[in-house]
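Worksheet: one structure, shown below.
The values are calculated or read from the model by the stated rules, or taken from the named source; none is laboratory data. All of these numbers come straight from a predicted model, not from anything done at the bench. Ideal geometry is used to build each Cβ from the backbone, glycine not excepted, and the neighbour counts take in all protein chains shown.
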Amino acid sequence: MDHTQTVSARGHEHVKATHGSTFEVTTDDYLTPAGDCILAVGADRAPADFDDAFVAACRDPDATVTATIEAGGHRDRVVGRGHPDLSFDSDRSAVCRTSDYVDDRTVMVGAGRAAAGLDRELVAALADGASCTFALSVSVAV
């Protein structure tokens, strides 16, 4: 089984992507300099909008979740995993975490990298305000 949810957003001049344990895409239309994990703003969808089959698949303890971020002709992929406690209730932000911490914004745990580890040309494009596609795909081994 394979499911993908795609979010359209845009970069922002304050994108730094220096956070060591998370990265995030938000529906907020602004970003303060303190938001060092946020990659893109103005997202057209939030976790609460994702389809039920996708959410159910992400709750499988054996789920592999892959985030693909594209902007300005650059692309990066981060692989993590699902978790039984993922709620996908947030109507504001999607957060990928290197830890196992779960809250209503969490869409991936055990991420292989955080914002600080992302491709720096991608980050530069986002800081220039480039349009961004954030795609989450989930697969569950059978």
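Summary of values
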{"item": "Restricting the stretch 112-142 to residues that are aliphatic (A, V, I, L, M) and free of Cβ contacts under 8 Å to residues at least 60 places away in the same chain, the residue that is surrounded by the most Cβ atoms within 10 Å (Cβ to Cβ)", "result": "LEU122"}
{"item": "Selection within the stretch 87-103 - farther than 22 Å from GLY20 by Cα and acidic (Asp, Glu)", "result": "ASP89, ASP91"}
{"item": "Only one of PRO33, PRO61 that is touching a His at 6+ places or on another chain (Cβ under 9 Å) and closer than 18 Å to ALA115 by Cα", "result": "PRO33"}
{"item": "Scan of the stretch 1-24 for residues that are touching a strand residue (DSSP E or B) at 6+ places or on another chain (Cβ under 7 Å), modelled with pLDDT of 95 or more and not polar (S, T, N, Q), ordered by number", "result": "VAL7, ALA9, ARG10, GLY11, HIS12, VAL15, ALA17, PHE23, GLU24"}
{"item": "Matching strands (runs of 3 or more DSSP E) fully within the stretch 57-137 where at least 3 residues are not hydrophobic (A, V, I, L, M, F, W, C)", "result": "63-71, 74-81"}
{"item": "Some residue of the stretch 108-131 being touching a helix residue (DSSP H, G or I) at 6+ places or on another chain (Cβ under 6 Å), under 21 Å from ALA46 (Cβ atoms) and not charged (D, E, K, R)", "result": "no"}
{"item": "Test for THR4: is it of a type outside the set (Phe, Trp, Tyr), in contact with a Lys or Arg (Cβ under 6 Å, 6 or more places away or on another chain) and either closer than 20 Å to LEU122 by Cβ or surrounded by fewer than 17 Cβ atoms within 10 Å (Cβ to Cβ) (or both)", "result": "no"}
